[in-house]
C-alpha cells in the first residue's frame, strides 16, 4: 500500500464541511426561523379563526363570554386545531435536527514531520567522531508517514489533510489546504513534534527521545505535549542499529501517546455537540451515531469510548416518556405505525451497545487487559426482542401462513418467502411496506446474533444455537453475508474442521475482523496440536494466521504468546524469545497489560539456553503476577485466553521431556564434556585432528543442549581447527597445543539451580497431567504425582507444584493428603483464589463424606435400637403370659410395671428348673445391656457429627478470604455458611436478600465468581445434613433460588450448577418433572459438545458415563477407540455392553489396542502399558471364551 493512497482526493477534500459550525449555525437559525414560523402561524390562525373570534367578541358585548367556554362543541375544535399546529411545528423542527444527529462528529488531521533536535556531541578521545553513531537513523524521517497510516487504519473518523513542509513548498497547494483547515476551525487536529538521540545518564544507555505535540483547533490554539517517549536502544545485542522491529515498536508507542491525547479531546467535543440538541430523544440519537462511528475503530480504547457513549444514550432514553409509551402503543394496531421508528431506534442502541460489550470482552482478553462483564446484555435485549417479535409476527400475518403461527421458525421463514411486494392498493389500505418488513427482520436478526454470541461466551452453547436458529429463520438472506452471524456459528460448532471453514468465510467477508482472525488462528493451532505433527512445515500456516492477527492489532498479546510457544515447541529458541520479548513492548505502552504467559515462556527459553539467573527471576516474577500460569489448568481465568497444555498429545509430551532433559544436561555439562571430549578424543585433539566420530559426538552433545546444528570450520593456513555451535552454547578451539573449551553456562548457587529444576519438573508434571486427563491411564497419574513430588523435594517453597499435586491426589482419593498440601499452599500465598476455593471445596466434600458415613451408621444404630426395644417388649409380654398361667390369671397392677422381678420370683418358687440359664433365649437384661451399648454408640456418633459440623463452621474465615476481593463481601458476612443460622439468623437474612428486587446485573466477573463459589459451598454445606423436614425444605428452597439467579442472570448452562441442581431436584419428590428433564437435557448437551470438540478425551468420556443416553455414549466411545486407540478406554465399556460384541468386533478392538504405543519410551511406562494390555486381554478373552 502506498502512502499516497491513504489521503483523500481533491474532490473529496472540497466536499469537507465543518459539521460543528453548520450545527451551531443551524441551531441559531433554527431559533429565529422557529419564532418567525410561530408568529406567521399566529397571524394565519387569526385570519382563519376570525368567525370564532367574532362570536367571542359578540358574546363579550352581550356579557355571555363565559358561556362560550362552557360549550364544549364550540370550544373543542379551536383547541384541537391549535394543538395540531403546534405539534406539526415541533415535529418539523425535530425532524430537521434528527438528520443532524445522524452525522457523526468528523475531524481533519495533519501529521507533520518530526524534527531532530540537536546533535550527538563529539567524543573526547576522538574529536572528529561522535560519541555515538546510530545506524539506520534515516528511518525516523518516515515517522510522520507511518503514524498517519496507523491513525488512518485504526481510527476511521479522521479525514487526512497532507501538508508537507519542504524547502520550497507549493504555495498554492499549501494555502488551499491551510484554508480548509481554517474553515474546519476547532475540528482540526495538528500532530507534530521533535526527537533527539541522547544519552540517558540515569540508566547509562542511549535512547531516542520523542516529544509529540497535539494541537486541536485553530492554528493559534496552544498545543499540548503528549507523554514523551524514551525509547531504549540497549534492549538487544545491537544498540547502535535501529532495526525494523525497534522502529515499529517506536511507532506503536508514538501512536499510543498521540491517540490518548486525541481521544480525550474527542470525548469533550462530543459532549459539547450533544448539548446543542433541544430534546432528550435527539441527544440519545446523536450519542448512538457517535458511538457507532467510534466502534468502527478496531482498538480497545475505541470500544471503551463507544460503550461510554452507548451508556449515556441509554441513560437519557430511560428519562424520556416516549420510551415507556412505545412498549405500550406498539401493541395497539392503530398506533403502532407511529411508534415503530422509536422501537427501531431503541433496538439499534441496545444491540449496538451489546455488540460493543462483546467486542471489548474478547479483545480485552486477547490484549492482556481486564475484561468487562457481559451479563447485562441478556437482560437488556430480552424486552427489545420481545417487542420486535410481536411487531414482526403481526405485520407479517396473513391467512396463508396463519396455521403455522405456533411454530415461530417455520412461520418466520414462510413470512419471508410470502410477504407481498409494495403496491398502490397496499399503500392506500395502510398496509406495512416491504422496506419496513425488511428493516424489522434485519434489526431482529442482529439482536438474535448478538444474544447468541453472548451465550456462547458464557458457555451456553445450546441456548446460543437456538438463538442462531431464530436468526436463520427470520433472515435467511443474511446468513451468508453477515460476518458476525458466521462467527457465532463457529462458536457453537464443536467440530474444529467445520469451525475453521466458518471462520475463514467470516474473514473473507470482513478481512479486518480481529476476533474472527484470532479465533481462526487459535483453532488452527489446536488442530496442529491434536494432529501431533510438531514440525515447522506444519506450523507455518498457523504462524501465518497469527501474523495476520498482529497486522490488524499489534497489541494482541494472545497472538504473540501463541507464536512464541509454537516456536518453542519447534526448538526455535531465539525466535521464540524474540516473540515473547515483542510482547514486553506492549506492556511498556499499556501498563495494565497482563504478560504473565510471556514471562513464563521466556523463563523456559532461558532455562534451555543456560541463562539461569535470568530464568530464576522470570519464573518468580511470573508466579508473583499470577500463579495460574504454572498450574495444570488455567480454568476460566479472565487474564489468559488459552493454556500451554490444552490438547496435550504425545509429540507435545516428548517436547516437555526434552525440555527437562536439556536442563539436566546443562547441570552436568562440564563433567560430561571433559569426560567425553577430553578423555575419549584427547589423542585426536593433540594431533589437531577432527574425526567423523568426534563430529558425531559433538553434534550429539549440541543436539541435547540446544537443538542447533554444529558448524565445524578448519583454518587451513595454521591447520588449527575450531568447533562451535550457532547459538554459541559450545565452543572448542585448539591453540598452542592445548584444547580450549568454552561453554555458555552461568555459575549459579545450588538454591537457584534447585529452584529452576523444581519449576521445570512442575511444568513437566503439568504436561503429564493434561496427557492423563486426555488419554487416561493410572500409570500416567502416578507419574504426575511423582513429578510433582520431585519438584517439591527439589524446592520445598514451590507452592504452585504443591497446588497441582493436591489436585492430582484428589483423583487418587487421597483427600487428607490433598487438604494438608493445600493448607501449606495457603500459608505461602493466602490470596490465591483457586487454591482457597479448592481447599474449602475439598474440606466440605471430605466432611460431607464423613458425615454421610456417620449418618448411615447412626441410622443403622437407631434401627437396631428400635428392633431391640421391640424384641424386649415381646419378651416382656411373653413373661407376663407365663405369670398369668402360674398365678391362675391373677396379675397385680404393679406386676405389669416391673414384670421381670415378679417373673423371676415365680420361677424360683414354682419351677426351680426355670432357674437354669437360657442360652438360646436372651433375657430382658441382655436386651437392656445391648441397648445401652447402642445408645452409647449413638451418643458417640452424635458427638462425631457435631464435631464435623463444627469443622464446617471453622471454614467460614477461609470463605471470607475468598470473597474478600469482591464488593459484596460485607453482604456475605451477614449469612456465612453453616453455624450462622443460630448466631444471626443467617438463613432468614439470605431469604430476604434473595426475595428483594436486586439488580443482579450490577455485579462484575469477580463478584459473580464469588457468588458461584458461595452457591457451591452452600450446597455442599447443607446437601447431606440430617435436619427436620421443615428446615431441610427451607434450605432446598434457598438453594434453588440461588441456582436460579445464577442460571437466569449469569451462566445459563453452567455445568457444575446444573449437576448440583439435578441432585437437589432428585432428592425432593415435589420437584416438577419438566425441571428435572431440563437439567438432564442441558447436562447431556454440554457433555456432547465437549465430546464432539475432543472425541478422545478420557476425562470427558469418564464424566459423561451414566450422564447421557447410553446409545449416544457408546457411539462416542466407539469413535474415541477408533481415534485414540489407548487401552484405558476399555475400562469405560461395561460388561453388559461388551458381552453384546461379536467375535469380529472383539478382534478388531484387540487389534486397535495392540497398535497403541506409549509416547515416551521408558521402563515404567512400558510396565504400565503391559498392565493395561493384560487387562485388555483378560476382559476380551473372557468374552471370547463365552462365545
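For this structure, a couple of remarks:
- Search result, residues across the stretch 533-553 that are surrounded by fewer than 16 Cβ atoms within 10 Å (Cβ to Cβ) and either part of a helix (DSSP H, G or I) or touching a residue at least 60 places away in the same chain (Cβ under 8 Å) (or both): 533, 536, 537, 538, 540, 541, 544, 547, 551
- Residue in the stretch 569-579 that is out of contact with any helix residue (DSSP H, G or I) (no Cβ under 6 Å at 6 or more places or on another chain) and within 18 Å of residue 760 (Cβ to Cβ) present: yes
- Some residue of the stretch 433-446 being touching a helix residue (DSSP H, G or I) at 6+ places or on another chain (Cβ under 7 Å) and in a loop (DSSP other than H, G, I, E, B): no
- Residue within the stretch 785-802 that is assigned to a helix (DSSP H, G or I), without any contact (Cβ under 8 Å) to a residue 40 or more places away in the chain, under 22 Å from residue 626 (Cα atoms) and under 27 Å from the mean Cα position of the chain (by Cα) present: yes
- If you check 1041, 967, 1002 for being surrounded by fewer than 21 Cβ atoms within 10 Å (Cβ to Cβ), within 30 Å of residue 1087 (Cβ to Cβ), at pLDDT 65 or above and under 26 Å from the mean Cα position of the chain (by Cα), only one passes: 1041.
- Comparison of 1131, 1062, 1076, 1107 shows that the only residue that is surrounded by 14 or more Cβ atoms within 10 Å (Cβ to Cβ) and closer than 30 Å to residue 498 by Cβ is 1107.
- Those residues of the stretch 196-208 which are crowded, with 17+ Cβ neighbours inside 10 Å and either under 40 Å from the mean Cα position of the chain (by Cα) or within 18 Å of residue 111 (Cβ to Cβ) (or both), in sequence order: 207, 208
- All helices (runs of 4 or more DSSP H) inside the stretch 225-341 with 1 or more residues being within 30 Å of residue 580 (Cβ to Cβ): 244-274, 300-318
- Lone unmet requirement of (1) modelled with pLDDT of 85 or more; (2) in a helix (DSSP H, G or I); (3) under 29 Å from the mean Cα position of the chain (by Cα) for residue 1095: (2)
- Among residues of the stretch 316-343, those that are modelled with pLDDT of 85 or more and crowded, with 18+ Cβ neighbours inside 10 Å, counted: 5
- When we screen 811, 805 for residues that are buried (at least 24 other Cβ atoms within 10 Å of the Cβ), under 17 Å from residue 840 (Cα atoms) and without any contact (Cβ under 8 Å) to a residue 60 or more places away in the chain, the only hit is 805.
- Cβ separations smaller than 6 Å between residues 6+ apart or across chains give no pair from the stretch 855-870 residues that are surrounded by fewer than 15 Cβ atoms within 10 Å (Cβ to Cβ) to residues that are part of a helix (DSSP H, G or I).
The values are calculated or read from the model by the stated rules, or taken from the named source; none is laboratory data. These numbers were taken from a predicted model, which means no experiment stands behind them. As a convention, Cβ positions derive from the backbone with ideal geometry for all residues, glycine included, and neighbour counts pool all protein chains shown.
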